[in-house]
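Laboratory data are not the source of any read-out in this text; all were calculated from the coordinates shown. Note that the coordinates shown come from a computational prediction; the quantities given were computed from them, not determined experimentally. All Cβ positions, glycine included, derive from the backbone under ideal geometry; neighbour counts span all protein chains shown.
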Amino acid sequence: MIALAIVLSIVVLLLSVLVAGLLRSHADILKALHDLGAGVGEPTGSDPHDQSSARASGPQGPISVPLTMGPPLPGERSSISAPTIAGVTPSGDALAVAPSGSDQLTLLAFLSSGCASCAGFWKAFHRPDELGLPPRTRLVVVTKGPEMEIPGEVTAQAPPGLPVVMSTEAWGDYEVPGSPFFVLVDGNSGRRIGEGVANQFSQVAELVRRAQVDAGEFAEGSRGQPHAEGLDGPERELANDRELTAAGVLPGDPSLYPSSLADVCPPDVGDPRPNRTPIGMAN
Amino acid sequence: MATLRAHGIEAPLPGGFEGRIFMRSSIGEEAPSPVAQFATFALPEEVGDFGGGAVTLMGADDIFTTLFEFGPESLGTRLFARQGFPRSLSPDNFLPYVLRRGLGGQSGTQWFFTEAGRPFTLYVVLGSHARRRSLVPRVNGLLANLAISPSPEPSLPSSARWN
């Protein structure tokens, strides 16, 4: 019985020491947080966000800790701009690609030589005829620079004839969260019109096709072709016929022969605009 | 401004330009030499030294420029007697018959010179001779900041390899 009491006393003593240590550690952490200005509440009762009171408290006051989320973008850039990508090739030559200012789409594939999910894309690029990209679409691979990638590994993965730019700066410019990542740039507008990730390249190709169709529809729709091009007479009629046929309105269609105003503008008509597939990739 | 830098050539690119600086593959005993190409349109992967395969893709507002280094045997010859890079060209320097490949509407100019002890030729093609007055300032914007340094020492290969 006495032995049991002694053992219990020792256990209680050890637990007390342990709890005291934990409390001391917790106090140290709270003190460190308080010194960094991240304490909850303020012992002095002042507003923790009040910078003037913080300054007035002198060296004992909270220290402001600047929090940044990566380098700020230069003023002339925005989240849709498409700056020129300059870097080196895996063989050490210099290469710069300007996705803006051309009349084609540029698909930028941000890949790494070591990432497992990139392997399928590298493999797919060895069969360019099977990629399924629409015409006038330029494919460019962008890896990080030689300081973060092994050029030899990139060379081993990249197919001949495919432009590969090694540029860490480009990953920052295009705000790439990780690899694989794809960005589609419309050369005419000089803007990114889609970005995101995919598991297979066929998914990317399909999204590029949709974006290209949408971009074309928008360009044609906003141009007002017959008037802008000064068409008249039979040429104008022919252009109108083409537009109607493309919209599914064939000769003899009832909509071409309205008998009343209600036939043209039905009272319960909703949004008359055609549905458009949103430009962009799943992200 | 994006900057290309390789093989002793540095080229800050004005907006709308892209380019490449690479070592031309040697033929026979010929020593490989650097070539720099700049364009305002998408350069295809395979382009001849003087724009073969690229100039046919040019629009009226496009520019193609190549900077081609010759071997050291050309140093001191009369062709390369001009010292210094032509930094500013004039619309009058461009003529339709200077083109290596005569394409309707285009015009070009070619200069031979020595810079930093290296013999070069500069060849510029404009997409439209008629628009040369608006295109030449853009060419000058590119040439103004191009820098050529003395021949770099042969560098070690970037990766280990057996002889």
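To the nearest ten degrees, helix B:132-143 and the longest principal axis of the Cα atoms of chain B are 20 degrees apart.
Please give the FRET efficiency for A:Arg209 paired with B:Ala31, using the beta carbon to beta carbon distance and R0 = 35 Å, rounded to the nearest 0.05. Here the calculated transfer efficiency is 0.15. Projecting label points 7 angstrom from Cα along Cα→Cβ for A:Leu4 and A:His26 puts them 3.2 nm apart.
Applying the Karplus relation 6.51 cos²θ - 1.76 cosθ + 1.60 with θ = phi - 60° to region B:8-16 yields 3J(HN,Hα) values of x, 10, 10, 9, x, 9, x, x, x Hz, where x marks Gly and Pro. Each of A:Ile150, B:Ile148 was scored by other Cβ atoms within 10 Å of its Cβ. Listed from fewest to most, they are A:Ile150, B:Ile148. Phi angles of region A:161-173 translate, via the Karplus equation with coefficients 6.51, -1.76, 1.60 and θ = phi - 60°, into HN-Hα couplings of x, 9, x, 10, 10, 9, 8, 5, 4, 5, 5, x, 4 Hz per residue; Gly and Pro are given as x. A simple spin-label model places the labels of B:Gln83 and A:Ser255 7.6 nm from each other, with each point 7 Å out along Cα-to-Cβ. Were the residues from A:Leu244 through A:Ala116 laid out at 0.36 nm apart, the gain over their Cα-Cα distance would be 41.2 nm. The orientation-averaged projection of the convex hull spanning the C-alpha atoms of region B:3-148 amounts to 8.3 square nanometres. Couplings 3J(HN,Hα) of region B:52-59, computed from phi: x, x, 10, 5, 6, 8, 6, x Hz, in residue order, whole Hz [Karplus 6.51 cos²θ - 1.76 cosθ + 1.60, θ = phi - 60°; x for Gly and Pro].
A protection proxy built from the mean count of other Cβ atoms within 10 Å ranks the segments A:164-177, A:90-103, most packed first, as A:90-103, A:164-177. For chain B, what does the helix formula give at 222 nm: sum of -39500 (n - 2.57) over DSSP H segments with n ≥ 4, over the residue count, nearest 500 deg cm²/dmol? Calculated at 222 nm, the ellipticity per residue is -2500 deg cm²/dmol.
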